[in-house]
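Below is one structure; the comments refer to it alone.
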Amino acid sequence: MTDVPAFTPVNLLTGFLGSGKTTLLRRLLADPALAGTAVLINEFGEVGLDHHLLDRIDDTMVLLQSGCLCCTIRGELSQAIRDLLGKRERGLVPGFDRIVVESTGLADPFPILSTLKADPVLRHHVRPGNVVTTVDAVNGLGQIERHPESARQAAVADRLVITKTDIADEAAVADLTAGLRRLNPAAPLVDAADDLDVEALIGRDVAATSGPSHSARAWFSETFRSDDPTRAPAGDAHPHGALDRNSHLGRIRSFTVVVDEPIDWTAFGIWLSMLLNRHGERVLRVKGILSIAGEVAPVAIHGVQHLVHTPVHMSGWPSDDRRSRIVFIVDGLDPDLIRRSLAAFNGLAAPARTLQPAGDGG
Amino acid sequence: MCSLCGVIGGNEHWADAVARPGVYTRNTERVDRRRERMNRVRLANRVLAPFGLSLADWQGTSFLLSTRTGKTEIIEDLGHLWPAAERLIGRPCDPLDPAVMAAVERAP
């Protein structure tokens, strides 16, 4: 039997209807790096077809057929993963060290991720891996504007794969790229027509608790690559034409909050849990590097809607800039209110407050 | 399992993360854990006071969230705090509400 990891990563492969999820999955599974991968496929239709399109049919491939994963069969997903883990323990299926879930094109990715964390058995055996979202270069922008599911899938992605670039014209690809950058500046964009770096797409987990070996610099540059707070936000590069503020692309926006003072971890926990309780649906992503009061090394946080991954202690700061930076991707929330609210709550920690000069509202 | 309320499973809220290598946590040492709980209760009460609510530690394992008239709920962790607070007072607790922010900025 192969070595069983303490926490088996579960990757979610999502993307709108017809955006190329199954094609991508077939390519990924052909890669030797993903040889030890169990696959769960969910289809919305009455008759499951996708699994026939994948060459590999064995006991580690499971089809979830009775409806859309995000709303109707969350219980079935937990059960399917439990079954797989149980069979692996008993040696009834080939050993696997990773699970890939292909969702339906209509699924909201969040409930699927939260199933993994909320299930009392699963949360001790699996952890969420990268969310990979496929976006179709021909229809993708229109789908994001018309269908909230599509915009959410793109916003929560850890990796964005643009498909069908071979049949789209260059302007459409450029528009889509600009639109995706607005929605989700942190996720690397991959062109499906290029050679796929499977390790970068699936293997290197954004949320992995990889301990001291975690490369702060790589994480940092990945997160803030296109989001230098001193520069105009990437979102200013509008696609052609004026954006309708009511379209999803118009309402979903990303911004960075930079905090000069050290963050009080306790106050931050109270604040973020309060914010997510009330606005979790509209906070599509929170991702940041925090300078915690009393800590030398930074702490990375990473959240998707109501779900926050366990915070990771990083080995060191990537540069001399020791300020906390948090990237938010929100749907219709005011960045200034979030900034003010965080500052107000961070001021709650008394020792820091007594050091502040009088008259700054504290 | 909590013997009082029957909630299965221990604390897995991100703010009091489990002690795994690389995970940021303040729960490793017993004394740190108690200190962190006390600090959390103290800060939470500054936010809860304007809503007429108060939080107290219960045996180092749970928290008691109470209204001024004594209506009380037992909660496990921060993840349960705000839904319980909203249930008890019957209105939303919104950190982006200007009145709430002003109250936090004024908090003693």
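Structure values in brief
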read-out	value
Number of the condition not met by A:G91 [criteria: (1) touching a residue at least 40 places away in the same chain (Cβ under 8 Å); (2) surrounded by 16 or more Cβ atoms within 10 Å (Cβ to Cβ)]	(2)
Residue count for the range B:1-17, restricted to those that are modelled with pLDDT of 65 or more and at the interface with chain A (Cβ under 7 Å from one of its Cβ atoms)	4
Hey, B:F51 of a type outside the set (S, T, N, Q) and out of contact with any helix residue (DSSP H, G or I) (no Cβ under 6 Å at 6 or more places or on another chain) or not	no
Any hit, the range A:343-350, residues being surrounded by fewer than 19 Cβ atoms within 10 Å (Cβ to Cβ) and modelled with pLDDT under 85	yes
In the range A:254-310, the residues that are farther than 16 Å from B:G79 by Cα and of a type in the set (G, A, S)	A:S254, A:G288, A:S291, A:A293, A:G294, A:A297, A:A300
Tally of residues being surrounded by fewer than 22 Cβ atoms within 10 Å (Cβ to Cβ) and either without any contact (Cβ under 8 Å) to a residue 24 or more places away in the chain or small (G, A, S) (or both) across the range A:314-328	5
Residues of the range B:49-99 that turn out to be part of a loop (DSSP other than H, G, I, E, B), of a type in the set (D, E, K, R) and surrounded by 15 or more Cβ atoms within 10 Å (Cβ to Cβ), as a count	3
Members of the range A:260-305 that are at pLDDT 90 or above, among the acidic types (D, E) and surrounded by fewer than 20 Cβ atoms within 10 Å (Cβ to Cβ)	A:D260, A:E261
Residues located in the range A:254-313, provided they are under 20 Å from A:G332 (Cβ atoms), more than 18 Å from the chain's Cα centre (by Cα) and either assigned to a helix (DSSP H, G or I) or acidic (D, E) (or both)	A:W271, A:M274, A:L275, A:N277, A:R278
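Yes/no per residue for (1) at pLDDT 85 or above; (2) part of a loop (DSSP other than H, G, I, E, B):
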residue	(1), (2)
A:V4	no, yes
A:P9	yes, no
A:T14	yes, no
A:G18	no, yes
A:T22	no, no
A:R26	no, no
A:A33	no, no
A:D59	no, yes
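Residue-wise test of (1) in the same structural domain as A:P148 (by TED's automatic domain parsing); (2) modelled with pLDDT of 85 or more; (3) out of contact with any Asp or Glu (no Cβ under 6 Å at 6 or more places or on another chain); (4) of a type in the set (S, T, N, Q).
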position: A:D175; (1), (2), (3), (4): yes, yes, yes, no
position: A:L180; (1), (2), (3), (4): yes, yes, yes, no
position: A:E199; (1), (2), (3), (4): yes, no, yes, no
position: A:G203; (1), (2), (3), (4): yes, no, yes, no
position: A:A218; (1), (2), (3), (4): no, no, yes, no
position: A:P239; (1), (2), (3), (4): no, no, no, no
position: A:S247; (1), (2), (3), (4): no, no, no, yes
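Listed here are the residues, each with its yes/no results for (1) more than 11 Å from chain A (Cβ to nearest Cβ); (2) more than 16 Å from the chain's Cα centre (by Cα); (3) under 28 Å from A:H302 (Cβ atoms).
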residue: B:T28; (1), (2), (3): yes, yes, yes
residue: B:G52; (1), (2), (3): yes, no, no
residue: B:T69; (1), (2), (3): yes, yes, no
residue: B:R87; (1), (2), (3): yes, no, no
residue: B:A99; (1), (2), (3): yes, yes, no
residue: B:A102; (1), (2), (3): no, yes, no
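The values are calculated or read from the model by the stated rules, or taken from the named source; none is laboratory data. Note that this is a predicted model, so its numbers are computed, not measured. With ideal geometry, Cβ positions are generated from the backbone for all residues, glycine too; neighbour counts draw on all protein chains shown.
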